[in-house]
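Notes follow the structure.
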Amino acid sequence: MERRRGNVCSSIHPACHRAAVLSAPRAISRDFHVYVVDIPGHGGSEHDPELYSGAVLGELFADFIAGVVGEQAIVSGHSSGGLIAAWLAASRPEVVAALVLEDPPFFSSVLPAAEKTTNHVDLATTAHAYLAQHSPGSGPPGLPGPPAADPSAADQPAADPSEADPRAADFVAYYAEHTPMLDMFGDLGPRMRAQALAQRAADTAQPVRWALMPPVLNEYFRGMGDYDPRFGQAFFDGSFHDHFDHALTLAAISAPTLLIHCNWFRDEDGVLMAAMSGEDAEQARDLIPDVRFERVDSGHSFHFEHPRRYARLLRGFAADTVGEVDLLD
């Protein structure tokens, strides 16, 4: 088998983002040949709920590396993209030269623990409530932001949320109107909701953007216009983890792995306001056979908030672990 010096990185983005706006590749493009594609359910990729599980997505990305990249790659994944990357590395090790896992929600995203996480109470529950309203027979389509359905009532499931038409109404407007995340801004929250709804009513082709808000919040909304809420439903009902055991997956990873853990805390209701708790991160660290662990002082999007630090970390890890790689037939 032919070999050459490895400098290819394939990056898997998180939920509600898209390849065209992902900042991680820009941070490392001077050192690596970077491939980024939209995860199904995002951007220009297929919107098909049959694909929305870690195992299926991992197999798709492995096929992409084998068929398009053509050589073993450093596979990096952020958040839910890290879950996909971990499954890929464990199940298709022949395509992976090294693995970078940026703050993935190991263990915390699996039910029932997931019910006490910010992703579940926010994006997953809001997506579920939206789909419940827009399933066949649930009401008239075409509203920019339906005023009903408090996401807290999402324990009343749709007859079959997977049959909902995600284009029946504007999910971005619905999310902006109902997300509990904006409540964290106190008195500014209602004004932010009103601004978001006004922007969507004026032009749904443009992402929601708030002046003087944390850039990471605007980055989150940039990718939401092409997001399929049925992807969120897969986390709400747990189907994303079909045939995907986190502990078994992590223990089966043979590639050298960089595990990055960002800041975390629990709110007054015990909800994990992060991807992984300290206990989750330690469990993941103990299970991965060949792991380098980095605890970073950063919010969830380390590569976006601190791109230079992220690039230095990835460069150093690659220099230490990746030599020649196999070219794939």
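The values are calculated or read from the model by the stated rules, or taken from the named source; none is laboratory data. Computed from a predicted structure; not experimentally measured. Here the Cβ is made from the backbone with ideal geometry for all residues, glycine too, and neighbour counts use every protein chain on show. Quick note on the areas: whole protein, heavy atoms, side chains included, nothing else; ligands and nucleic acids left out. Shrake-Rupley method; radii C 1.70, N 1.55, O 1.52, S 1.80 Å.
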Review point. Which condition breaks for Glu46 when tested against (1) among the charged types (D, E, K, R); (2) within 21 Å of Tyr227 (Cβ to Cβ); (3) open to solvent by less than 40 Å² (accessible area, probe 1.4 Å)?
Key: (3)
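Mind checking whether some residue in the range 56-65 is β-branched (Val, Ile, Thr), open to solvent by less than 40 Å² (accessible area, probe 1.4 Å), within 14 Å of the chain's Cα centre (by Cα) and on the phi < 0 side of the Ramachandran plot?
Within the range 56-65, not a single residue is β-branched (Val, Ile, Thr), open to solvent by less than 40 Å² (accessible area, probe 1.4 Å), within 14 Å of the chain's Cα centre (by Cα) and on the phi < 0 side of the Ramachandran plot.
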**Study point:** Scan of the range 214-236 for residues that are free of Cβ contacts under 8 Å to residues at least 24 places away in the same chain, surrounded by 14 or more Cβ atoms within 10 Å (Cβ to Cβ) and farther than 18 Å from Ala275 by Cα, ordered by number
**Key:** Asn218
**Study point:** Checklist (1) assigned to a loop (DSSP other than H, G, I, E, B); (2) among the charged types (D, E, K, R); (3) at pLDDT below 90 applied to Asp326, failing item
**Key:** (1)
Check your understanding: When you scan the range 247-271, how many residues do you find that are open to solvent by 10 Å² or more (accessible area, probe 1.4 Å) and either within 25 Å of Gly43 (Cα to Cα) or within 16 Å of the chain's Cα centre (by Cα) (or both)?
Key -> 0
Review point. Considering the range 76-116 alone, what residues qualify as being of a type in the set (Val, Ile, Thr), open to solvent by less than 10 Å² (accessible area, probe 1.4 Å) and either closer than 25 Å to Phe265 by Cβ or at pLDDT below 95 (or both)?
Key: Val100
Review point. If you go through the range 278-315 one residue at a time, how many are open to solvent by less than 30 Å² (accessible area, probe 1.4 Å), over 19 Å from His13 (Cα atoms), part of a helix (DSSP H, G or I) and of a type outside the set (D, E, K, R)?
Key: 3
Point to revise | Subset tally (residues that are within 24 Å of Phe185 (Cα to Cα) and within 16 Å of the chain's Cα centre (by Cα)) for the range 207-226 | key: 10
